[in-house]
1. Among the listed residues Ala57, Ala150, identify the single one that is away from the ligand (no atom under 16 Å from the Cβ) and without any contact (Cβ under 8 Å) to a residue 12 or more places away in the chain.
2. Assuming Gly286 fulfils every condition listed in (1) crowded, with 20+ Cβ neighbours inside 10 Å; (2) within 17 Å of the chain's Cα centre (by Cα); (3) not hydroxyl-bearing (Ser, Thr, Tyr) apart from one, which condition is it?
3. Within segment 106-117, is even one residue assigned to a strand (DSSP E or B), in the same structural domain as Ile158 (by TED's automatic domain parsing) and closer than 26 Å to Val27 by Cβ?
4. Out of all the residues in segment 224-236, is one or more within 16 Å of the ligand (Cβ to nearest atom) and either touching an Asp or Glu at 6+ places or on another chain (Cβ under 7 Å) or free of Cβ contacts under 8 Å to residues at least 60 places away in the same chain (or both)?
5. Give the residue, chosen from Asp69, Asp34, Asp22, Asp47, that is within 21 Å of Tyr122 (Cβ to Cβ) and charged (D, E, K, R).
6. Taking Leu305 as meeting all but one of (1) touching a His at 6+ places or on another chain (Cβ under 8 Å); (2) outside the structural domain of Ala209 (by TED's automatic domain parsing), write down the number of the exception.
Amino acid sequence: MIGLTPALGWNSWNAFGLTVNDQKVRVAAKTMTDKLSAHGWTYVNMDDGWEAEFRTAAGEITPNKKFPDMKGLTDYVHSLGLKVGIYSSPGPQTCGGYLGSWQHEEQDAKTYGTWGIDYLKYDWCSYSQVTTSNPNLDDMKRPYQVMRVALDKISRDIMFSFCQYGMGDVWKWGAEIGGNSWRSTGDIEDTWSSMAGIGFKQTEDGPYAQPGHFNDPDMLVVGKVGWGDNQHNTRLSPDEQYTHISLWSLLSAPLLIGCDMGKLDKFTINLLTNDEVLAIDQDALGKSAQQLVKTDDYQLWFKDLEDGGKAVGIFNTSDKYQTIAINRNENGLAGYTKIRDVWQQKYIIADKNNYTAKVAPHGVVLVKFSK
Ligand code: GAL
């Protein structure tokens, strides 16, 4: 089995949209090795926009002129000790209007194998046009099953990431048909309402997260994003970015950086290289946190960890500072005597019964309780 912990990597979409090219992927890979891979970051994923307009006479998919040598590119990424991802759709066309894998699934899987691809994001898109107008569960599963069979026929392990925005409660059957992750939502944007709207809604799918099979609430919107030629700094405030990374880690979500890696600033690097935070995302139990407390102003999310500890996200969802108390006799915390502030990487001295945190507007205090 592969993908026992959620993928840590980069994806071109939130930064470059359809303007992705060979050079931008190389910059992402080089930056990952120079600045991030020591912390576990591994995948360098091309999203939509790499495909040529037509297949060859033999029906093979080829890259367009923005990717003059796909094998050369994957060799380069591998030479840095990293892994490479690609994107396609089970429909005739991708969401960006490029060629999809419809009726060429085996051929495409073989081509990916030849190129040395390690990760496939498979996006529903125009598959709607070739299935029934009201797809039932079997119809929804089918395209993913077909590609699963095709991937199993080649002699290469490829992480399989479903992207169909959560249709048919995909979390209930994604694992059974061989998905390593499945998108549970529509597309994220770099705003509080989008990020928080998605992140804090991941309650129903939580119980289905397990090693090898994870819910994917979409890619990160930190750093310089833009979905095209013009990037801007994420519109999330610094505190909102701490919330984003903390919540995604508590959810055991794939962490796919969605920014221009050539323009990583110090703040973003710090945000992405805190080993204690990443350890929560990568915890071997592979569980998703549960939302145990929700008020108009704050939420508490609890995640069981392999070492018996509990990671707790204390999220202030309001616009004002909040002082939030955790009762240490509730929510399974009895007997947990140690509290560590995970972002600050230091132990906290707290009152016996209550632990009280002052949390910034839209911010978080991420702690780990242990015995
Ligand atoms: C969307 C998908 C995005 C991106 C885009 C590419 O459907 O959710 O993450 O892959 O297609 O066209």
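The values are calculated or read from the model by the stated rules, or taken from the named source; none is laboratory data. Because the structure is predicted, anything quoted here is derived from the model rather than measured. Quick reminder, even Gly has a Cβ in these numbers, built from the backbone with ideal geometry, and neighbours come from all protein chains shown.
1. Of the residues listed, the single one that is away from the ligand (no atom under 16 Å from the Cβ) and without any contact (Cβ under 8 Å) to a residue 12 or more places away in the chain is Ala57.
2. Going through (1) crowded, with 20+ Cβ neighbours inside 10 Å; (2) within 17 Å of the chain's Cα centre (by Cα); (3) not hydroxyl-bearing (Ser, Thr, Tyr) one by one, Gly286 breaks only (1).
3. No: zero hits.
4. yes
5. Details: Asp69 fails: within 21 Å of Tyr122 (Cβ to Cβ); Asp34 fails: within 21 Å of Tyr122 (Cβ to Cβ); Asp22 fails: within 21 Å of Tyr122 (Cβ to Cβ).
Matching residue, one of Asp69, Asp34, Asp22, Asp47: Asp47.
6. So Leu305 meets the others, but not (1).
Every residue, every condition in (1) part of a loop (DSSP other than H, G, I, E, B); (2) surrounded by 15 or more Cβ atoms within 10 Å (Cβ to Cβ); (3) on the phi > 0 side of the Ramachandran plot; (4) within 16 Å of the ligand (Cβ to nearest atom), yes or no:
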{"position": "Lys65", "(1), (2), (3), (4)": "yes, no, no, no"}
{"position": "Pro68", "(1), (2), (3), (4)": "yes, no, no, no"}
{"position": "Asp75", "(1), (2), (3), (4)": "no, no, no, no"}
{"position": "Gly96", "(1), (2), (3), (4)": "yes, yes, no, yes"}
{"position": "Trp102", "(1), (2), (3), (4)": "yes, yes, no, yes"}
